[in-house]
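The values are calculated or read from the model by the stated rules, or taken from the named source; none is laboratory data. If you're wondering where the values come from, they're calculated on a predicted model, not measured in any experiment. Positions of Cβ are generated from backbone atoms using ideal geometry, with glycine treated the same way; all protein chains shown enter the neighbour counts.
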Amino acid sequence: MMVLYKYLHKYGLRFLADLKLKLTSPADVDDPFEMRPRVGSSEVTEEMVERLLNDEDRMKVFVRALDWPNLDEGIAWCRENPQDFRRRLSKNMRENLQAYCDQAAEGVAKEYRMLCFSKLRDNMLMWSHYGDHHRGIVVGFDSDVLKNALGARALEVNCREDRTIFDAEQFLFPKLKYAEQLLTRKSLAWSYQEEVRFIVKYQGNSFFECPAAAIQSVCLGCKFPAKRIPCVRKLMNTRIIRAELLLGTPDEGFFRINFKPIR
């Protein structure tokens with residue numbers, strides 16, 4: 001079991017009241033350079049065409065895109081003339097790949113949402129940026145409980161200098177692993193977050209209702225108002241959250257946060 005942490009901005013008390021986490025749209029990420037793949041190979045190989053001709057569902061997609069008057073006749077023509085079909089697919093492939101890369105965030109947002117966490121509970125930058133300037137709450141979750149509740153794996157964000165590649169193979173045969181690769185690639189500048197994401201299919205829902213059993217700890221920031229601690233306890237009792245309640249304190253000798261149980 002791995003504990004993953006959610007920095008809850010100003011909404012920590014609201015979360016403890018309703019146990020709902022907002023699912024992030026790929027089109028709404030903080031970094032405008034994220035979700036922007038680069039164009040790879042636009043070559044449509046004979047092997048790709050053969051696979052495509054044997055995939056009835058994908059054939060329907062591309063024959064419709066070719067504006068064939070009759071779907072069955074169009075598919076039959078493609079199978080009878082594979083080289084001509086390959087040429088027609090190749091004709092605008094480069095432009096199609098570029099068009100996808102230009103709007104990848106919006107495109108993938110039609111199918112997927114994300115829940116984003118960190119491996120760290122004591123990152124001072126994240127407390128400043130995402131923890132309401134140390135006045136907020138960070139909640140620790142059991143990754144296995146989240147995995148079962150979401151029906152999705154925890155994927156570590158891969159921080160690199162280069163962007164993901166989108167090529168003809170991915171255009172012709174879209175797969176979940178390609179979407180996961182795009183959704184878990186960020187700039188090296190974000191590596192301090194040690195981020196982990198769950199990727200889920202978008203079904204019109206904007207929130208995930210978290211099981212109380214998933215919550216392992218509730219961490220209060222160094223500047224969390226003392227007068228609100230009884231409110232936190234009350235909410236935890238009401239929602240039957242059996243987790244540690246911790247308060248962050250500045251270390252006396254180093255630039256770091258220590259957490260101590262609140263008795």
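Among helices (runs of 4 or more DSSP H) entirely within region 1-83, having at least 1 residues that are within 28 Å of the chain's Cα centre (by Cα), in the same structural domain as residue 139 (by TED's automatic domain parsing) and within 30 Å of residue 142 (Cα to Cα) singles out 12-18. Of all residues in region 9-28, those satisfying the criterion of being of a type in the set (A, V, I, L, M) and either surrounded by fewer than 18 Cβ atoms within 10 Å (Cβ to Cβ) or within 25 Å of residue 111 (Cα to Cα) (or both) are 13, 17, 19, 21, 23, 27.
For the residues 172, 220, the requirement of being outside the structural domain of residue 94 (by TED's automatic domain parsing), buried (at least 17 other Cβ atoms within 10 Å of the Cβ) and touching a strand residue (DSSP E or B) at 6+ places or on another chain (Cβ under 7 Å) singles out 220. The requirement of being farther than 27 Å from residue 38 by Cα, buried (at least 19 other Cβ atoms within 10 Å of the Cβ) and not β-branched (Val, Ile, Thr) is not satisfied by residue 151.
The set of residues in region 117-128 being surrounded by fewer than 20 Cβ atoms within 10 Å (Cβ to Cβ) and either free of Cβ contacts under 8 Å to residues at least 24 places away in the same chain or among the charged types (D, E, K, R) (or both) consists of 119, 122, 128.
Screening region 88-201 for strands (runs of 3 or more DSSP E) wholly inside it with 2 or more residues that are of a type outside the set (A, V, I, L, M, F, W, C) returns the ranges 112-118, 137-142, 158-160, 185-187, 195-201.
Of all residues in region 235-263, those that are of a type in the set (Asp, Glu) have Cβ atoms under 6 Å from Cβ atoms of residues that are modelled with pLDDT of 95 or more, 6 or more apart or on another chain, in 244/217; 251/258.
Assess whether residue 215 counts as being β-branched (Val, Ile, Thr) and over 21 Å from residue 6 (Cα atoms). Steps first, please.
On the way: β-branched (Val, Ile, Thr): yes; over 21 Å from residue 6 (Cα atoms): no.
No: the conditions fail for residue 215.
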